1. Find the residue count for the range 44-70, including only residues that are in contact with a Gly (Cβ under 8 Å, 6 or more places away or on another chain) and closer than 15 Å to Gly24 by Cβ.
2. Can you tell me which residue within the range 49-70, out of those that are part of a helix (DSSP H, G or I) and either within 12 Å of His8 (Cβ to Cβ) or among the hydroxyl-bearing types (Ser, Thr, Tyr) (or both), is most open to solvent (accessible area, probe 1.4 Å)?
3. Inside the range 4-19, can you point out the residues that are in contact with a helix residue (DSSP H, G or I) (Cβ under 8 Å, 6 or more places away or on another chain) and part of a helix (DSSP H, G or I)?
4. Read through the list (1) over 14 Å from Ala5 (Cβ atoms); (2) open to solvent by 40 Å² or more (accessible area, probe 1.4 Å), then give the number of the only condition that Glu36 fails.
5. Looking only at the range 34-46, count every residue that is part of a loop (DSSP other than H, G, I, E, B) and touching a Lys or Arg at 6+ places or on another chain (Cβ under 8 Å) and tell me the total.
6. So which residues in the range 30-58 are within 14 Å of the chain's Cα centre (by Cα) and farther than 17 Å from Glu71 by Cα, if there are any at all?
7. Would you point out which residue out of Gly46, Gly4 is open to solvent by less than 40 Å² (accessible area, probe 1.4 Å) and either at pLDDT 95 or above or at positive phi (or both)?
8. State all residues of the range 20-33 that are part of a loop (DSSP other than H, G, I, E, B) and surrounded by fewer than 18 Cβ atoms within 10 Å (Cβ to Cβ); if no residue qualifies, say none.
Amino acid sequence: MEVGALLHDLGRCKTHKIAHAVEGYRLARIEGIEPEISEIIKRHIGAGISKEEARSLGLPEDDYFPRSLEEKNRCSCR
């Protein structure tokens, strides 16, 4: 999805750390961006992060592995 590609780094307006994906997801949800796009933003960290790794990195405990093709194509940031 083009919108997901454009917004995948939305959270970098708040932080340039690994939490930018979580921050971008939060901002997207506040702005009413549809969940499918919000998930692209949240899951583009590297090749994915497990719940356990997220916890150790200080991120909300969640599965950050890309699932959709769009999420997998946007997973270069870490």
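1. 3
2. Among them, the one singled out is Ser56.
3. Selection gives Gly4, Ala5, Leu7, Leu10, Gly11, Arg12, Cys13.
4. So Glu36 meets the others, but not (1).
5. Final tally of qualifying residues: 3.
6. Matches in the range 30-58: Lys51, Ala54.
7. Step by step, each of Gly46, Gly4 is checked, and only Gly46 is open to solvent by less than 40 Å² (accessible area, probe 1.4 Å) and either at pLDDT 95 or above or at positive phi (or both).
8. Matches in the range 20-33: Glu31, Gly32.
The values are calculated or read from the model by the stated rules, or taken from the named source; none is laboratory data. Worth saying up front: this structure is predicted, and the values here are computed from it rather than measured. Counting neighbours? That spans all protein chains shown, and the Cβs are built from the backbone with ideal geometry, glycine included. In case anyone asks, the SASA skips ligands and DNA or RNA and just uses the protein heavy atoms, side chains included. Shrake-Rupley method; radii C 1.70, N 1.55, O 1.52, S 1.80 Å.
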